[in-house]
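Beneath this line is the structure, given in structure tokens, with notes to follow.
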Amino acid sequence: MEVKLLSHTPDPERLIAVAARSCVSKRSAHELASEPEEVLRKSLRKVLDSGHESVIEHAHFTFSIKGISRACTHQLVRHRIASYSQQSQRHVDLRGAGFVIPESVRKSGEAFEVFNAAMRSAAEAYSKLLELGIPQEDARFVLPNATATNIVVTMNARELIHFFGLRCCLKAQWEIRALAEAMLKLVKGVAPTIFEGAGPYCLSKGICPERDRGCPFYERYILNRG
């Protein structure tokens, strides 16, 4: 898996601070934009601490994600408040495409052989169907969920925090959790204040939607909170 931050709102934290101040000022946002950095930083901190998250929707972040499975992207696109552009299996010849192998399979010799045999069979069937003149859009029906794909994802800061709350959780499936952790690391690099408390809900909000007292995060972030 490769995750790159393609683009983001310029100076996202300053933008959000200006937008927040415009809600309680007679002056417009473009007039407030020239205020000193320390004033805007204070406004940003105040709005984040107050939980008024609507204002952080003004900041957007776009990611290029390479080499994740179709199983993972099926979970990813369930996050509705986002924009997605995924590699098309209708228009891209996927002969020679890679497959994502779960670690549970990789570390078991027999399971690894079974998995690889299934992948080889699917790949051979796909190639044979294309040789027989079957259109790519129909030949792809034999491709498994493990087929690697590429996708571009854009989310605003508020949706990203929601995404991290669900997908950084230890109950999340391992691949999308790894993706969420990689995305979180990238956005912290450009908007550290906005995302400083982001992560699983036990960390960010002090709650455990799963109510799993056996989870190591439960003890760390719920029982020991404060």
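The values are calculated or read from the model by the stated rules, or taken from the named source; none is laboratory data. Quick caveat: nothing in here was measured; it's all calculated off a predicted structure. Positions of Cβ are generated from backbone atoms using ideal geometry, with glycine treated the same way; all protein chains shown enter the neighbour counts. Just the protein is used for accessible areas: all its heavy atoms, side chains included, with ligands, DNA and RNA removed. Shrake-Rupley method; radii C 1.70, N 1.55, O 1.52, S 1.80 Å.
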- request: Return the sequence-ordered ³J(HN,Hα) values of region 52-65 in whole Hz as given by the Karplus equation 6.51 cos²θ - 1.76 cosθ + 1.60 applied to θ = phi - 60°, using x for Gly and Pro.
  value: 7, 7, 4, 5, 7, 5, 5, 9, 10, 9, 10, 10, 9, 10
message: If I model the chain as equal point scatterers sitting on the Cα atoms and use the Debye formula, what is log10 I(q)/I(0) at q = 0.14, 0.16, 0.17 Å⁻¹?
response: -0.95, -1.11, -1.19
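Taking the radius of gyration and the Kirkwood hydrodynamic radius from Cα positions alone, what is the Rg/Rh ratio for region 26-159, to two decimal places?
In region 26-159, Rg relative to Rh is 1.22.
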message: Counting only helical runs of four or more DSSP H residues, what would the 222 nm mean residue ellipticity of the chain come to if each run contributes -39,500 (n - 2.57) and the total is spread over all its residues?
response: -13000 deg cm²/dmol
message: How large a share of the accessible area of region 83-226, in percent, is made up of carbon and sulfur atoms when the probe is 1.4 Å and the other protein chains stay in place?
response: 50 percent
query: Gaussian network model of the chain, Cα springs within a sub-10 Å range: biggest mean-square fluctuation belongs to which of Val187, Val47, Val105?
result: Val105
field: DSSP H segments from the chain that extend 18 Å or more along their own axis, Cα-based, with Kyte-Doolittle mean of -1.0 or above
entry: 37-50, 109-131, 174-190
- request: Please find, in a Gaussian network model of the chain (springs between Cα atoms separated by less than 10 Å), the residue of Ser127, Ser34, Ser64 whose mean-square fluctuation is greatest.
  value: Ser34
- line: For the table Lys26/Lys188; Lys4/Lys46; Lys66/Lys185, the rows whose alpha-carbon distance is greater than 24 Å are Lys26/Lys188; Lys4/Lys46
field: Solvent-accessible area per residue for region 149-226 (1.4 angstrom probe, square angstrom)
entry: 49 Å²
statement: Per DSSP loop assignment and a cutoff of at most 13 other beta carbons within 10 Å, the chain keeps its longest run without exposed trypsin sites (Lys or Arg not before Pro) at 108-210
